[in-house]
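Quick notes on the structure that follows.
The values are calculated or read from the model by the stated rules, or taken from the named source; none is laboratory data. Worth saying up front: this structure is predicted, and the values here are computed from it rather than measured. Reconstructed Cβ throughout: ideal geometry from the backbone, glycine too, with neighbour counts over all protein chains shown. Side chains are part of the model used for accessible areas, which takes the heavy atoms of the whole protein and leaves out ligands, DNA and RNA. Shrake-Rupley method; radii C 1.70, N 1.55, O 1.52, S 1.80 Å.
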Amino acid sequence: MPRVSIIMAAYGRPHLLRWAIESIQNQTVTDWELLVVSDACPLGTAETAQALADADHRIRVIQMTRNWGEQSGPNNVGLARSCAPLVAFLNQDDLWFPDHLEVLIDWIDAAGADIAVGASAHVGFAPDGDMRRCPSGLAGMGDNGAYCPVKTFSPMSAWLVKRHCFERIGVLPRAAECVAESSQTWLFRAWKRKLKIATATELTCLIFSSGSRANSYLNGDSREQAYFGEQIHSNPYLRSRILAHASPSYCPESNPRKEFFKFHFKKLQAHLGLFPRALEFWFKHDRRSGDYIHHLRSIRGLADHAAKTSNYSQVLRRRWINRNCLYEAGTRIDCCEGGQAERHLGDGWCLADDIGCLMHATTVGVHFRLQGQNVRATRLVTLWQLPPGAILYAGVNGTGIALASAVESNELSGAAEWVWELPADANATTRILNFEIHSPTPGCRLVRMRLE
């Protein structure tokens with residue numbers, strides 16, 4: 001049995017996996033297992049992880065069949081299928097220093113703690129593009145070497161947890177059930193249950209927050225991880241350089257009296273069982289349960305997982321379409337019976353016949369999830385069988401789009417090819433394209449379609 005189980009939740013961004021896994025393989029502690037849990041990833045992520053696993057027997061890849069939509073689910077799957085007495089987590093965009101596990105194992109033993117958290121530097125953006133001068137925020141601050149519900153913010157990549165803690169506290173809560181971060185909510189629950197949480201005074205990991213990097217799940221940029229991964233390996237003074245310019249995540253008020261009352265008021269909230277960070281999110285930012293993860297998904301360029309309807313069958317249908325509407329640009333989709341259109345057609349359609357699919361509502365949905373990191377679509381090309389005088393209107397992701405052409409076709413009686421131009425920013429921030437097509441005229445039948 002390995003000494004440490006490391007769990008890595010992964011979704012997309014296969015270009016980052018190499019650097020995160022390499023930082024694990026460079027640990028001074030070698031007695032570990034790594035479980036890479038793929039959250040029903042697009043093509044490329046699980047394959048990249050499997051290639052790394054084939055070269056290192058300590059790595060296992062778990063492919064979830066359904067997308068959970070945030071990290072608590074994959075992390076809990078990894079937790080259930082791991083076996084070591086100590087559990088660590090590493091997000092796929094973060095990096096560990098080589099002594100990360102060694103420091104936290106020593107700290108958890110020396111302090112007799114249930115949980116140890118290391119100091120972590122949250123790497124920001126260099127104003128001039130020079131990564132040597134990237135500003136950093138320093139997290140993991142405690143109070144006299146212990147977790148403080150007012151001061152301590154610690155990302156999961158900085159944790160080392162004894163397995164019995166999850167048996168006592170429970171698994172990580174769903175982000176949709178939390179006002180603040182799922183990870184910080186779980187850490188506060190551990191503190192409430194009197195688990196001993198020690199804060200190590202060593203910088204052991206670098207955090208590259210996807211929630212502060214616009215469209216981070218869409219672009220293929222790994223320059224930050226490549227630069228700092230190489231620096232961790234070659235520059236023995238990297239930690240000193242980062243700490244020289246880092247600012248702590250908890251900044252006390254300049255007025256001592258105001259700081260005294262603010263700190264102890266929040267400490268009182270915590271002792272009453274109220275999570276101060278969640279209360280701040282609630283009152284200061286007007287956030288309710290689930291709002292924060294929806295906010296993060298919009299920044300990352302991911303579709304909103306929140307259901308927009310109370311119709312349960314529609315909820316299930318839309319989730320099925322979102323999982324299965326993967327599309328390679330340029331591929332022709334036939335809408336007749338036996339074609340591939342069903343995975344892309346949303347609400348408002350009849351069952352397909354031997355020609356195509358008839359609209360039974362005035363507004364219908366068509367959905368595509370583009371395959372590939374940097375793929376862009378510019379036109380929606382469709383072939384319709386239309387009654388005389390019929391006209392169609394279209395929109396994508398809530399915005400109307402212009403008709404480029406509508407010309408008759410000789411393929412079928414009443415057939416016409418309608419082409420809509422997509423605006424330049426239609427899929428600049430997301431690979432999900434949700435089309436709405438409207439016609440006041442009944443009897444419109446879609447024969448085939450493609451994105452170019």
Item to check | Search result, residues across the stretch 424-449 that are open to solvent by less than 50 Å² (accessible area, probe 1.4 Å) and among the hydroxyl-bearing types (Ser, Thr, Tyr) | outcome: Thr430, Ser439, Thr441
Checklist outcome for this item: Given the conditions (1) farther than 16 Å from Leu195 by Cα; (2) under 24 Å from the mean Cα position of the chain (by Cα); (3) not acidic (Asp, Glu), every one holds for Leu160 apart from (1)
Checklist entry - Which of the residues belonging to the stretch 52-77 are under 22 Å from Gln25 (Cα atoms), open to solvent by 20 Å² or more (accessible area, probe 1.4 Å) and without any contact (Cβ under 8 Å) to a residue 40 or more places away in the chain? => result Leu52, Asp54, Ala55, His57, Arg60, Val61, Gln63
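Do we find a residue being at pLDDT 75 or above, among the aliphatic types (A, V, I, L, M) and assigned to a helix (DSSP H, G or I) anywhere in the stretch 324-339?
Initial filter on the stretch 324-339 (at pLDDT 75 or above): 325-339.
If we keep only those that are among the aliphatic types (A, V, I, L, M) as well, we get 326, 329, 333.
If we keep only those that are assigned to a helix (DSSP H, G or I) as well, we get none.
No, the stretch 324-339 contains no residue that is at pLDDT 75 or above, among the aliphatic types (A, V, I, L, M) and assigned to a helix (DSSP H, G or I).
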Item to check | All positions within the stretch 253-283 that are free of Cβ contacts under 8 Å to residues at least 60 places away in the same chain and not in a helix (DSSP H, G or I) | outcome: Glu253, Ser254, Asn255, Leu272, Leu274
Next on the checklist: Looking at Ser254, Ser222, can you tell me which residue is loosely packed, with under 13 Cβ neighbours inside 10 Å and over 26 Å from Arg174 (Cβ atoms)?
Outcome noted: Ser254
Checklist entry - Of the residues His245, His294, which is closer than 22 Å to Ser120 by Cα and either in contact (Cβ under 8 Å) with a residue 24 or more places away in the chain or surrounded by 15 or more Cβ atoms within 10 Å (Cβ to Cβ) (or both)? => result His245
Item to check | Set Glu452, Glu408, Glu421, Glu417: member being open to solvent by 70 Å² or more (accessible area, probe 1.4 Å), within 21 Å of Thr331 (Cβ to Cβ) and not β-branched (Val, Ile, Thr) | outcome: Glu421
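Just for strands (runs of 3 or more DSSP E) wholly inside the stretch 92-200: which have at least 2 residues that are at pLDDT 95 or above and open to solvent by less than 10 Å² (accessible area, probe 1.4 Å)?
Values: elements: 115-123, 136-139, 159-162.
It comes to 115-123, 159-162.
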Checklist outcome for this item: Scanning the stretch 246-286 for residues that are at pLDDT 80 or above, over 16 Å from Tyr147 (Cα atoms) and of a type outside the set (A, V, I, L, M, F, W, C) gives Ser247, Pro252, Glu253, Ser254, Asn255, Pro256, Arg257, Lys258, Glu259, Lys262, Glu280
